[in-house]
1. Residues in the stretch A:26-48, backbone N under 17 Å from the label point at A:LEU70 (7 Å along the Cα-to-beta-carbon vector): list them, ranges by number please.
2. So what's the projected area for the protein assembly as shown, the Cα convex hull averaged over all directions, in nm²?
3. With N set to the residue count of the stretch B:320-380, report its C-alpha Rg divided by 2.2 N^0.38 Å to two decimal places.
4. Return, for the Cα atoms of the stretch B:452-583, the radius of gyration and Dmax in Å, separated by a comma.
5. Among all stretches of chain A without exposed chymotrypsin sites (Phe, Trp or Tyr not before Pro) (DSSP loop, at most 16 other Cβ atoms within 10 Å), which one is longest?
6. What does the charge add up to near B:ASP12, with Lys and Arg as +1, Asp and Glu as -1, over the other residues with Cβ less than 9 Å from its Cβ?
7. If you put +1 on each Lys and Arg Cβ and -1 on each Asp and Glu Cβ, how big is the dipole of the protein assembly as shown around its Cα centre, in Debye rounded to 20?
8. Could you give me the radius of gyration and the Dmax of chain B, taking only the C-alpha atoms into account and expressing both in angstrom?
Amino acid sequence: MLRDITIGQYYPAKSCIHRLDPRTKIVGTTLYIVSLFLFKSFPGFLVVGTAFAGVLILSRVPLRYMLRGLRPILMILLFTVLCNFFLSGGEVVWQWKFLKITKEGLLRGTFMGVRLILLIFGTSLMTYTTTPNQLTDGLERLFSPLKVIRFPAHEIAMMMSIALRFIPILAEEADRIRKAQMARGADMDSGGPIKRAKAMLPVFIPLLVSAFRRAFDLAMAMEARCYHGGKGRTKMKPLRYRTADLFGYLYMVCYMATIILLRIWQKI
Amino acid sequence: MKPVTITGLVHDYVTRDEEGNYAESRRALDHVDLDVEEGQFIAVLGANGSGKSTLAKHINALLLPTQGRVLTCDMDTADDSYLWEIRKSAGMVFQNPDNQIVASVVEEDVGFGPENLGIPTEEIVQRVADSLAAVGMTQYGESSPNHLSGGQKQRVAIAGILAMEPRCILMDEPTAMLDPVGRREVIETVRRLNREKGITVILITHYMEEVIDADRIFVMSDGKVAMQGTPREIFARVEELRELRLEVPQVTELAHELSLRGVTMPAAVLTPEEFVEAYRANYPGTVYAEPPIAEKRPENTDPVLSLKDVRFVYGERTAFETVALEDVNLDIFQGEYIGLIGHTGSGKSTLIQLLNGLEKATAGQVLFRGEDIYGEGYNRRELRSNVGLVFQYPDHQLFEATVIEDVSYGPGNQGLSKEEIRERAEWALKLVGVAPEQWQSSPLELSGGQKRRVAIAGVLAMKPKVMILDEPTAGLDPAGRDEILGEIDRIRRETGMTVILVSHRMEDVARFADRLVVISDGHILYADTPRAVFRHRERLNEVGLEVPQVTQIMQMLKEDGIPCREDAITVAEAVESLAASKS
């Protein structure tokens, strides 16, 4: 059912990775992504792959969940790989009319493909092990030093968490509106793209009106509960670093040092 | 210290044009005076648009007086420096349960208020635990609000207010969007908080049953306080309440009607027990044998719709698999008026969506005029214009710029000619009683009752053979509800259409339906005349449903040894019977 959809598909499990502070995981994921772009040859994947596999095992997220995360980007992945296969210059290994595959293209395509897969793996592992709320909290805290330069860290985090709360509600409402219009003979599944877009109007308008009404109601309810921005607010569940987070950061330091040193020595 | 003191309060809603200049103003509150004592349970009654919500927003300083003064816990709401102190002292629960829950986890939402007040973490945790316990929601602390029922969500909202440790709770129609079970949950919760914790409660509502044990009732009309007093004082003025578009509970109405017929009755009877006692005290003991009420059974023509061994499963072969309907067999005949009863989650929403093909049964057959709607090549879009379905919230279907265009949407989809579309739209609007002056206005600007009418017209314009209405009176005040139900009954008589009315209110279906279909737990429990169904009071109570209050009273009298028509299902029938056994 629609109300069961969650953003960033959290995988509930009791692992030490799940228990890490969200800030640790956000920093870790960011470093991981940066590291993916620090090397230019295949041996680098060995380091990244080992480091990632270690975390994956600790997180107790099954591998098939990780693979499932690839499904939505399968087209992009194929496109990137094939573009590299066919459009690179160099030593030709296969040719058919104007299409040709080069050795360099093969290598580059595979390299890009593996990099993209590891990129998706890394970010989905974060969303699998961190609830959307924790993510929002983590981001708020990480960006809060920027408040000095008037960066609205609290406001952005609040907006994100409200969006997370209302997306399933609005999705369910959209479904109900669609049915109400279908009951009036609306035909939403046939015709060309323009006709279909036009057929969506009777769903879109009531949904928009309702979203505005909800926004207005919620703003009033928040005001009535003394909300007045981030100033002077305390937290019911403040983020606290634990010993595990220290190990987490140590792991990151070691990992980044390995990558950078290998890069300096031109090994990868 | 007084929780609320209001003197000479005036509120004007000012509309401005695009340049921000004054355009017009509407007076919502007109010199209101109101006093609330500490620890009281106060009810504010009033029809839609009588100004009662505006009043509540003043107490919470969400609105500021145009004239006059509002003191909340001795603090002037016009004084800016008291703003947060006022909102902390007088917490407010709103009508829509979804639109006031901020967080995606129950306990975090309850903690939202204290977080805003800057309470230290350990104390927030303690307050959240206490508040959830006070509303009986401890076990749901870590749930997502999306998985709770309406009543549970409102209890979470109340807990969110309690966590700010208020002296007073304002409730702006907190039960208007709930089913009877949820309504009871919420009212019992606030009543307990009022009694046990001494928190002052100000409850705004138009459900009379909720206010019978209030300490004081204020009745609003046209922005003024039209009546005030104890429930007994207020409910004694039955006619005046009716003029203010309100009603009294059936038991009070029954006693009132009987006293008009010369039966000695106290001024305002509030509960069935009181009634039985009062009636027995004056009962002369003469036996009056009554002829049975003639039952109108539907004629056995060919059914217009039939369900055969229908089973419906949600999310088949997933973790969320739930059986919504099982072993459902039902024949619906042309021209019948069916009341479909069952509480939220019983499967009744699924059932009505099966009837017009919006959902497809997992197993079994649905026949429209003998034809299988799942048959190959069957035109389900045409079926939907034959079996019209009006959903609960008119806002879910109104989208055009004008009323007439919106009503034309359905017939437009049927591929009719321009003239025919126009003709049908006008016919439908006239039938539901929307005046031509309103045809060019935007449907979004209409009142709640008018919106319902336009939504019903939007389906009627397709000239369906069967019309299904899902809770067409939800959120309307008593007079508005009676008007809509009256329209539906009249339309049925004028067009010979089959009507299926989904409702929580037994009193309504008892008055109009030829047959009741009671659904519980995905099964049809009863499908019979209202009179026959209401004989099963105990079984109905077991599944969380109630018989009309008047039927309950008659059954209690009968059990008490007073011969009367225990199968009376309307106040009129009960009056007939009781006034007769009297003489």
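Where a number appears in this text, it was derived from the coordinates with a stated rule and is not lab data. Just so it is clear, the structure is predicted and the values come from calculations on it, not from any experiment. As a convention, Cβ positions derive from the backbone with ideal geometry for all residues, glycine included, and neighbour counts pool all protein chains shown.
1. A:45-46, A:48, by backbone N distance to the label point.
2. Numbers: hull surface 180.1 nm².
For the Cα atoms of the protein assembly as shown, the hull's average projected area reads 45.0 nm².
3. 1.19
4. Values for the stretch B:452-583 (Cα only, Rg and Dmax): 16.5, 53 Å.
5. Numbers: sites that count: A:PHE37, A:PHE98, A:TYR241, A:TRP265.
The longest uninterrupted stretch comes out as A:99-240.
6. Values: positive: B:ARG26, B:ARG27; negative: none.
Net local charge, B:ASP12 excluded: +2.
7. Details: 98 positive and 109 negative charges, 956 e Å.
Result for the protein assembly as shown is approximately 4600 debye, rounded to the nearest 20.
8. 25.7, 76
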